[in-house]
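*Asks:* This is the structure I want to talk about, given as structure tokens.
The values are calculated or read from the model by the stated rules, or taken from the named source; none is laboratory data. What you see is a predicted model; the values in this text were computed from it and never measured. Methodologically, a virtual Cβ is constructed for each residue, glycine included, from the backbone with ideal geometry; neighbour enumeration extends over all protein chains shown. When the accessible area is computed, the model is the full protein with side chains, heavy atoms only, and any ligands, DNA or RNA have been set aside. Shrake-Rupley method; radii C 1.70, N 1.55, O 1.52, S 1.80 Å.
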Amino acid sequence: MNQDTQAMLSSYTLPNGVELKNRLVMAPMTHWSSNQDGTVSDAELDYYARRSSGVSMVITACTYVTPNGKGFHGQFSGDKDEMIPSLTKLANAIKNQGAKAILQIFHGGRMCPPELVPNRELVSASDVPAVRPGVSTDDPDIKPRSLTDQEVEEIIKAFGKTTRLAIEAGYDGVEIHGANGYLIQQFFSPHSNRREDKYGGSVEKRMTFPLAIVDEVQRVVKEHATPEFIVGYRFSPEEPEEPGITMGDTLKLVDTLATKGLTYLHVSLADFFSTARRGVEDTSKTRIDYLLETIDNRVPLIGVGSIYSADEARNAFKTGIPLLALGRELIIDPDWVQKVAENKEHEIVTKLDKTKQQELVIPDPLWNIITNSPGWFPGV
Ligand SMILES: Cc1cc2nc3c(=O)[nH]c(=O)nc-3n(C[C@H](O)[C@H](O)[C@H](O)COP(=O)(O)O)c2cc1C
């Protein structure tokens, strides 16, 4: 085994002293397959167990922290104490296979399907609808209502509550989902946040809500867990909309997040090697390079994005990134890490085999969505 492969499989100690057995993480991926009552289904437990023995850490699909934050059909609930047994089963399915279990916590804001939230009432930082493919932004059904100050405070508290549920359910940590256009990002974005109070305006003011959630989650962790409890934060570096988050905005956010005592930061990217779009001097430089430079080793960064082969993973680590998440590739080949560790890289599968749903242990709703979305997964 060459040195670069060994490095990828070597252990890594997080800032809070927790040791990860290798540098590979499973990216959070929604599976649309939970029970009607919001509990995790057996098919989902089997799906996770199948993917939790190679990587060092599994970040779950996102769970919603309040009923008006439910973002997906078949999403599991993390908003009430009755869910602790369900959340515990999921934590155990992951931990029993040897990986750390991280619960991703989320509110969908203006991106929720109206039929999933109470009174079909979407909420966000302001009343600006999201751009959705095939839907007019004039459609009143997708126009969100701007949250009142009190409601904002309640949602911040709800992120803390879900963190307590995660602690009681035995998770090793939580990841705050500040990426992919959902509520936390909606507050950071000048597209969705037009507020003129303490939560909106300058880039610093737009950070108020994300940072308040970090503070609240950390307060709950101090009160209910030991320092080994992991708190990560995920963000999307840029938005295509005008106005929208620029790379320059994100470097300011990350510079602040790096001072907060988080256990890790996690960028959300479709392509690991993508370059910055705007808001920085050099748009031929990759986002990862910009982020690593700004973070300057103050907190570990997890990279991600279209990594399928072992060669691609080794190239990603050459940037100096300490940890790498694999998403679609672990759906396509759940044994990726084991194959690399056992010198069987040539056996790694990088295109979805459409005859192998059972063998790959993929729940029906997730399988149907993947196989009906041409171009999303290689081989489909
Ligand atoms: C089926 C699917 C569901 C996803 N759900 C989530 C999610 O719940 N939370 C999240 O932060 N990202 C989610 N993502 C994004 C992935 O975490 C990841 O960033 C993206 O797929 C790029 O990595 P990859 O090329 O290795 O798949 C999802 C991706 C896929 C393919």
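*Asks:* Could you state, as a whole-number percent, how many of the C-alpha pairs of region 24-120 are farther apart than 16 Å?
*Replies:* Numbers: 2406 of 4656 pairs.
Pairs farther apart than 16 Å: 52 percent.
*Asks:* Report His191's accessible area, 1.4 Å probe, all protein chains in place, as a number in Å² to the nearest 10.
*Replies:* 20
*Asks:* In whole Hz, with x marking every Gly and Pro, tabulate ³J(HN,Hα) for region 72-81 from phi via Karplus 6.51 cos²θ - 1.76 cosθ + 1.60, θ = phi - 60°.
*Replies:* 9, 4, x, 8, 8, 8, x, 9, 8, 4
*Asks:* List the residues, sorted by chain then number, that are 5 or more residues from Leu20 or on another chain and whose placed amide H is less than 5 Å from its amide H.
*Replies:* So Leu20 has HN proximity to Tyr12, Thr13, Leu14.
*Asks:* Now, a different point. Applying the Karplus parametrisation 6.51 cos²θ - 1.76 cosθ + 1.60 with θ = phi - 60° to the phi angles of region 236-247, what ³J(HN,Hα) value in whole Hz is obtained for each residue in order, glycine and proline being reported as x?
*Replies:* Calculated HN-Hα couplings, in order: 9, x, 8, 10, x, 5, 10, x, x, 5, 9, 4 Hz.
*Asks:* Can you tell me what share of the DSSP beta bridges in the chain is antiparallel? A percent to the nearest 5 is fine. Write down the numbers at each step before the final one.
*Replies:* Values: 4 of 36 bridges.
Just about 10 percent of them are antiparallel.
*Asks:* Here's something else I'd like to know. Let me cross-check Trp336: its accessible surface, 1.4 Å probe, with only protein heavy atoms counted, in Å² to the nearest 10?
*Replies:* The accessible area comes out at roughly 0 Å².
*Asks:* Could you pull out every residue, at least 5 positions away or on a different chain, whose amide H is within less than 5 Å of the one on Arg145? Hs are placed 1.01 Å off N in the peptide plane, and Pro or chain starts have none.
*Replies:* Leu122, Val123, Ser124
*Asks:* Can you tell me, using C-alpha contacts under 8 Å and at least 6 residues apart, the relative contact order of region 51-156 as a whole percent?
*Replies:* Numbers: 168 pairs, mean separation 30.0, N = 106.
The value is 28 percent.
*Asks:* Spelling out what I want: for every residue of region 296-307, take phi, set θ = phi - 60°, compute 6.51 cos²θ - 1.76 cosθ + 1.60 (Karplus), and round to whole Hz; glycine and proline get x.
*Replies:* Whole-Hz 3J(HN,Hα) from phi for region 296-307: 6, 6, 6, 7, x, 10, 9, x, 6, x, 6, 9.
*Asks:* Right, next: Calculate, in nm to one decimal, what Thr256 and Arg277 gain on full extension: separation in residues at 0.36 nm each, minus their alpha carbon distance. Before the final figure, lay out the partial values.
*Replies:* Values: separation 21, 0.36 × 21 = 7.56 nm, distance 2.13 nm.
Between Thr256 and Arg277, full extension yields 5.4 nm more.
*Asks:* Could you provide, to the nearest whole Å², the per residue accessible area of the chain with probe 1.4 Å?
*Replies:* Working: 15030 Å² over 380 residues.
Per residue, the chain has an accessible area of 40 Å².
*Asks:* Classify region 147-200: rounded, prolate or oblate, from the alpha-carbon gyration tensor (a ≥ b ≥ c, eigenvalue square roots; a/c under 1.5 rounded; otherwise prolate if a/b is larger than b/c)? Please report the intermediate quantities before stating the final value.
*Replies:* Numbers: a/c = 4.15, a/b = 1.83, b/c = 2.27.
Judged from the Cα gyration tensor, region 147-200 comes out oblate (a/c at least 1.5, b/c at or above a/b).
*Asks:* If you don't mind, there's one more thing I want to ask. Compute the Kirkwood hydrodynamic radius of the chain, taking the inverse of the mean of 1/r over all pairs of distinct Cα atoms, and give it in Å to one decimal. Before the final figure, lay out each step's value.
*Replies:* Numbers: mean 1/r = 0.0477 Å⁻¹.
21.0 Å is the Kirkwood radius here.
*Asks:* Follow-up. Show that you can apply the helix-only estimate: for the chain, add -39,500 (n - 2.57) for every DSSP H stretch of four or more residues, divide by all residues, and state [θ] at 222 nm to the nearest 500.
*Replies:* Working: 14 runs with 125 residues, N = 380.
Helices in the chain give a 222 nm mean residue ellipticity of -9500 deg cm²/dmol.
*Asks:* Which whole number in µm²/s is D for region 255-380 by Stokes-Einstein, with the Kirkwood Rh taken over Cα pairs at 20 °C and 1.002 mPa s? It would help to have the intermediate numbers written out before the result.
*Replies:* Numbers: Rh = 16.4 Å.
Rounded, D is 131 µm²/s.
*Asks:* Taking a probe of 1.4 angstrom, what is the accessible area of Asp311 in Å², to the nearest 10?
*Replies:* 100
*Asks:* Please report, in whole Å³, the volume per residue of the convex hull around the C-alpha atoms of region 153-297.
*Replies:* Details: hull volume 16.0 nm³, N = 145.
Taking the convex hull of the Cα positions in region 153-297, it is 110 Å³ per residue.
*Asks:* What's the FRET efficiency of Asn119 with Arg194 using the Cβ-Cβ distance as r and R₀ = 30 Å, to the nearest 0.05? Please list the in-between numbers first.
*Replies:* On the way: r = 23 Å, r/R0 = 0.77.
In this case the efficiency is close to 0.85.
*Asks:* Follow-up question, since we're still on this one. How large is the charge dipole for region 300-341, taken about the Cα centre, if only the Cβ atoms of Lys, Arg (+1) and Asp, Glu (-1) carry charge, to the nearest 20 debye? Write out the running numbers ahead of the final one.
*Replies:* Working: 4 positive and 5 negative charges, 27 e Å.
Using only the charged Cβ atoms, the result is roughly 140 debye.
*Asks:* According to the square roots a ≥ b ≥ c of the eigenvalues of the Cα gyration tensor, what is the shape class of region 188-273, taking rounded for a/c under 1.5, prolate for a/b larger than b/c otherwise, and oblate for the remainder?
*Replies:* oblate
*Asks:* List the relative contact order of the chain as a percent without decimals, with contacts defined as Cα pairs under 8 Å and 6+ residues apart.
*Replies:* Values: 777 pairs, mean separation 60.0, N = 380.
Contact order relative to length: 16 percent.
*Asks:* What does the extension gain come out to for Asn368 and Asp215, with contour length at 0.36 nm per residue minus their alpha carbon separation? Walk me through the numbers before you get to the answer.
*Replies:* Details: separation 153, 0.36 × 153 = 55.08 nm, distance 3.88 nm.
51.2 nm is the gain from fully extending Asn368 to Asp215.
*Asks:* Whose amide H sits under 5 Å from the amide H of Ala61, counting only residues 5 or more places off or on another chain, with H placed in the peptide plane?
*Replies:* Residues meeting the amide H criterion: Met29.
*Asks:* Net charge around Glu115, counting only other residues with Cβ within less than 11 Å of its Cβ (Lys, Arg = +1; Asp, Glu = -1)? Show your work: numbers first, answer last.
*Replies:* Details: positive: Lys70, Arg120; negative: Asp141.
Local charge sum for Glu115: +1.
*Asks:* Which one, Gly244, Leu211, Gln185, projects farthest toward the positive side of the charge dipole computed for region 161-258 from Cβ point charges (K/R +1, D/E -1)?
*Replies:* Farthest towards the positive end: Leu211.
*Asks:* Placing unit charges on C-beta atoms (Lys and Arg positive, Asp and Glu negative, everything else neutral), compute the dipole magnitude of region 128-167 about its Cα centre in debye, rounded to 20. Let's see the in-between values first.
*Replies:* Values: 6 positive and 7 negative charges, 53 e Å.
Approximately 260 debye in magnitude.
*Asks:* Could you sort 117-126, 58-67, 261-270 so that the peptide with the highest average Cβ count within 10 Å comes first and the rest follow in order?
*Replies:* Working: 117-126: 17.8, 58-67: 26.2, 261-270: 20.7.
The packing order, highest mean first, is 58-67, 261-270, 117-126.
*Asks:* A further question on this structure: Taking 7 Å along the Cα-to-C-beta vector as the label spot, tell me the Gln6-Asn343 distance in nanometres, rounded to one decimal.
*Replies:* 1.4
*Asks:* Going from most exposed to least, what order do Met111, Met1 have by accessible area with a 1.4 Å probe? Could you put the intermediate results ahead of the total?
*Replies:* Working: Met111 65, Met1 95 Å².
Ranking Met111, Met1 by accessible area, largest first, yields Met1, Met111.
*Asks:* Roughly speaking, to the nearest percent, how much of the chain's 1.4 Å accessible area is carbon and sulfur?
*Replies:* Numbers: 7050 of 15030 Å².
Of the solvent-accessible surface of the chain, carbon and sulfur hold 47 percent.
*Asks:* Quick one: which of Lys70/Lys161; Lys21/Lys344; Lys161/Lys222; Lys21/Lys252; Lys318/Lys339 span more than 23 angstrom between C-alpha atoms?
*Replies:* Working: Lys70/Lys161 16 Å; Lys21/Lys344 19 Å; Lys161/Lys222 13 Å; Lys21/Lys252 32 Å; Lys318/Lys339 21 Å.
The pairs that break the limit, which is 23 Å between Cα atoms, are Lys21/Lys252.
*Asks:* Going by a ≥ b ≥ c, the root eigenvalues of the Cα gyration tensor, does region 252-317 fall in the rounded group (a/c under 1.5), the prolate group (a/b larger than b/c) or the oblate group?
*Replies:* On the way: a/c = 2.25, a/b = 1.26, b/c = 1.78.
Because a/c hits 1.5 or more and a/b fails to exceed b/c, region 252-317 counts as oblate.
*Asks:* Explain nothing, just the number: dipole magnitude of the chain about its Cα centre with +1 on each Lys and Arg Cβ and -1 on each Asp and Glu Cβ, in debye rounded to the nearest 20. Intermediate values should be presented prior to the final figure.
*Replies:* Working: 40 positive and 52 negative charges, 64 e Å.
The dipole of the chain has a size of about 300 debye.
*Asks:* Moving on to the next point. Could you let me know the centre-to-centre spacing of region 78-150 and region 277-322, using Cα atoms, in angstrom?
*Replies:* Rounded to whole Å, the Cα centres lie 28 Å apart.
*Asks:* Something else: What net charge is computed for the residues neighbouring Arg287, neighbours being all others with C-beta under 12 Å from the C-beta of Arg287, Lys and Arg scored +1, Asp and Glu -1? Kindly include the intermediate steps, with their values, before the conclusion.
*Replies:* On the way: positive: Arg277, Arg278, Lys285; negative: Glu238, Asp271, Asp282, Asp289, Glu293.
Computed value for this residue: -2.
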